[in-house]
Amino acid sequence: MNSRLAMHLSPRCTAISKRTKKSCQAPAVTGWSVCRFHGARGGGPKGTRNGNYKHGEATREAVEDRRALNELLRASRAILSDLSRDES
């Protein structure tokens, strides 16, 4: 009865509890350092396949587009202000 089974020898989850400051100790998913409760399954699907998808304004592509547009606007305002200073 003292023999150790494979489930007893498997690596354990490395997640730490905020409340008790102890590690989870559930078996880690193969290829991951955490268990299925602490994120080893990868979360929900991306985009419209996710049931909580609303409008797409906060998607990675939309944020990158807004940042590029804002950078272009800043650069054009700087050029215009330099030109107006040179003319006066």
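Computed from the coordinates by the stated procedures, all read-outs in this text should not be read as laboratory data. This is a predicted model, so every value here is computed, not measured. As a convention, Cβ positions derive from the backbone with ideal geometry for all residues, glycine included, and neighbour counts pool all protein chains shown.
In the condition set (1) surrounded by 10 or more Cβ atoms within 10 Å (Cβ to Cβ); (2) under 16 Å from the mean Cα position of the chain (by Cα), Gln25 is compliant with all but (2).
For segment 36-64, taking the residues that are of a type in the set (Lys, Arg) and surrounded by 10 or more Cβ atoms within 10 Å (Cβ to Cβ), the one that is nearest to Ser17 (Cα to Cα) is identified as Arg36.
Of the residues making up segment 38-88, those that are part of a helix (DSSP H, G or I) and either among the hydrophobic types (A, V, I, L, M, F, W, C) or under 27 Å from the mean Cα position of the chain (by Cα) (or both) number 23.
Just to be sure before I move on: is Arg4 assigned to a loop (DSSP other than H, G, I, E, B) and surrounded by 10 or more Cβ atoms within 10 Å (Cβ to Cβ) in the structure I sent?
Against the criterion (assigned to a loop (DSSP other than H, G, I, E, B) and surrounded by 10 or more Cβ atoms within 10 Å (Cβ to Cβ)), Arg4 does not qualify.
Contact map, segment 62-86: residues that are under 22 Å from Gly47 (Cα atoms) and free of Cβ contacts under 8 Å to residues at least 24 places away in the same chain paired with residues that are surrounded by 10 or more Cβ atoms within 10 Å (Cβ to Cβ) and aliphatic (A, V, I, L, M), Cβ distance under 9 Å, separation 6+ or inter-chain. No pairs are found.
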